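Sharing a structure here in structure tokens format.
Any read-out appearing in this document is the output of simple, stated calculations on the displayed coordinates, not a laboratory observation. None of the values given here were measured: they were computed from a predicted structure. Here the Cβ is made from the backbone with ideal geometry for all residues, glycine too, and neighbour counts use every protein chain on show.
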Amino acid sequence: MVVARVGGALLPESHELGSPQAPTFYSERQWRIERNLELLYERSGAEVSLEEFRKKAAYTQYASLLGQIADSTLDRAKARGQDPEEFSFELDVGFGVCQSIYDALEPKRDKDSPFLVWTHIRELPQKIRSDDLPSVRRQELYDATGEYLRLPIRCAMADRILVDALIAVETIDYGWEMFGKQDLASTLFPSRSPFKQRHVFWKFLTSLAFNFVFFALLTAATAFLGYKDIMASSWSLGISATWVALFFVSTILQVVSLPAAWRRQTKARALVADLMNEMLLTYDELRDDGPVSPQRVRDVAERAASKGVAWPGALFALLDDMRSRNARL
């Protein structure tokens, strides 16, 4: 398409000042898509030419997302009898939502071909443990979902991307906190994860060894004071006996409390493992590329929520919206 630059803005040939050719739905659609690809080119810092960048964009996920949004907007514009200028305005709004979704998600992208919006994460448990995960801006994802739901149009690709990402971000964050690699901060401070806490038996042995050394030093120091006549022998003997008695009392209390502490830790680990399993089962509903029932995903997500999983409200809002229009993921 031939374009002209007017006042620093790119306009299609049909938009040139004084052009006798009025814009059409299809010229607006094509120009807006090309303009969005050009903006992506400028932001990505790609080292290839713009022409090469556009060629690479063909049949990519980002171009397909723009195309589906454009087609849905076009169908609505024709059904409502809108003119191309009204269509162009609504298309700009729709493409703005596409950009919000793209910016909220950061899978690994090639600088010269940054057209991946999002992809389902395979082998998620292993990637959580190895910290090999995509980045997701949680609040921006929630905002992008809200923007999408306020649009008067929908598209299947946006539905799938958002549902997958909303489930993934909760699963990733919880899994990383409970099972991910420990950083320096988590080694210095007590972790919320029972799997990152030392086993109570090892804590018991460590505490027992510390108490033994501590009370042994106190007893030895007291005996030494008595031996040097700094303290009366009777006092030295009595205090030493007290230190020994306190050591045995402390040990007995630790031994008595050990089974209960062991059970609490075992129960906490089982609860965390169960919640993680429920989240992974929900995410696995989207593992296939074929159509998926949003009702099925909602049922599995609700079961997980009933056990304590805190899904974002945006997930259920989107799934309910899909059910109301009989859509499929």
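Which entries of Lys111/Lys181; Lys55/Lys108; Lys55/Lys127; Lys55/Lys78; Lys55/Lys111 have Cα-Cα distances beyond 24 Å here?
Among Lys111/Lys181; Lys55/Lys108; Lys55/Lys127; Lys55/Lys78; Lys55/Lys111, the Cα-Cα distance tops 24 Å for Lys111/Lys181; Lys55/Lys127; Lys55/Lys78.
Let me ask something additional. Rounded to the nearest 0.05, what FRET efficiency is calculated for Leu50 and Leu281 with R0 set to 41 Å and r the Cβ-Cβ distance?
Calculated transfer efficiency: 0.35.
Grab the alpha carbons of region 166-261, take their convex hull, and tell me the volume per residue in Å³.
112
How big is D for the chain, in µm² s⁻¹ as a whole number, if Stokes-Einstein is applied with the Kirkwood radius of its Cα pairs at 37 °C and 0.692 mPa s?
Reported coefficient: 132 µm²/s.
Continuing with the same structure: Using only the alpha carbons of region 14-185, determine the length spanned along each of the three principal axes and report them from longest to shortest in whole angstroms.
In descending order, the Cα extents are 67, 37, 25 Å.
List the trypsin sites (Lys or Arg not before Pro) in region 208-317 that DSSP assigns to loop (not H, G, I, E or B) and whose Cβ has at most 13 other Cβ atoms within 10 Å. Which are they?
Loop-located and lightly packed - Lys228, Arg287, Lys307.
Given only helices, namely DSSP H runs of n ≥ 4 each adding -39500 (n - 2.57), what is the per-residue ellipticity at 222 nm of the chain, to the nearest 500 deg cm²/dmol?
Calculated mean residue ellipticity at 222 nm is -23000 deg cm²/dmol.
Here's something else I'd like to know. In the neighborhood of Leu91, defined by Cβ-to-Cβ distances under 14 Å, what is the net charge if each Lys or Arg adds +1 and each Asp or Glu adds -1?
So the environment of Leu91 carries a net charge of -3.
Are there GluC sites (Glu not before Pro) in region 37-98 that DSSP puts in a loop and that have at most 11 other Cβ atoms within 10 Å, and which ones?
Glu47
Something else: What do you get for trypsin sites (Lys or Arg not before Pro) in region 76-110 restricted to DSSP loop and a cutoff of at most 15 other Cβ within 10 Å of the site's Cβ?
Listed in order of number, the matching sites are Arg80, Lys108.
Another question about this same structure. Among Leu50, Leu65, Leu91, determine the one that fluctuates most according to a GNM of the chain built with springs between C-alpha atoms less than 10 Å apart.
Comparing Leu50, Leu65, Leu91 in the GNM, the peak value goes to Leu50.
While we're on this one: Sort Asp110, Asp164 so the one with the fewest other Cβ atoms within 10 Å of its own Cβ comes first.
Listing Asp110, Asp164 from fewest to most nearby Cβ atoms yields Asp110, Asp164.
May I ask you to derive the FRET efficiency for Lys78 and Gln197 from their Cβ-Cβ distance with R0 = 56 Å, giving the value to the nearest 0.05?
0.35
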